[in-house]
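What follows is a single structure, written as structure tokens, with notes after it.
The values are calculated or read from the model by the stated rules, or taken from the named source; none is laboratory data. Since the structure is predicted, the reported quantities are computational estimates derived from the model, not experimental observations. Reconstructed Cβ throughout: ideal geometry from the backbone, glycine too, with neighbour counts over all protein chains shown.
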Amino acid sequence: MPTVPVDDLTRRATALLRAVGAPEDVARTTAQLIVAADAAGHESHGVAQLPGYLTGVRAGRIEPAARPCPDVRDDLGAHDHRLASALRASPSR
């Protein structure tokens, strides 16, 4: 299996994500995270997921311009679903 430098792989993954409509910052962050997963030895959560992401965008199952929603938890670490729902519905996103 060929070895690809991290920076090169990140650039390539970013370009592929941008080509299907992801904004620059979302594409770059996603690429950095999946490449980091590979670099850490978690290939099942890394670049191997990229073809599925691209297929999902083309099939309309993934919105490439979507922004992550904060993981809202209370002081005990439990999800506060009411607040998370309100944040998702917020027009300021």
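Can you tell me how many residues within region 1-54 are among the small types (Gly, Ala, Ser), without any contact (Cβ under 8 Å) to a residue 40 or more places away in the chain and in a loop (DSSP other than H, G, I, E, B)? Final tally of qualifying residues: 3.
Scanning region 1-18 for residues that are modelled with pLDDT of 95 or more and of a type in the set (Ser, Thr, Tyr) yields THR10, THR14.
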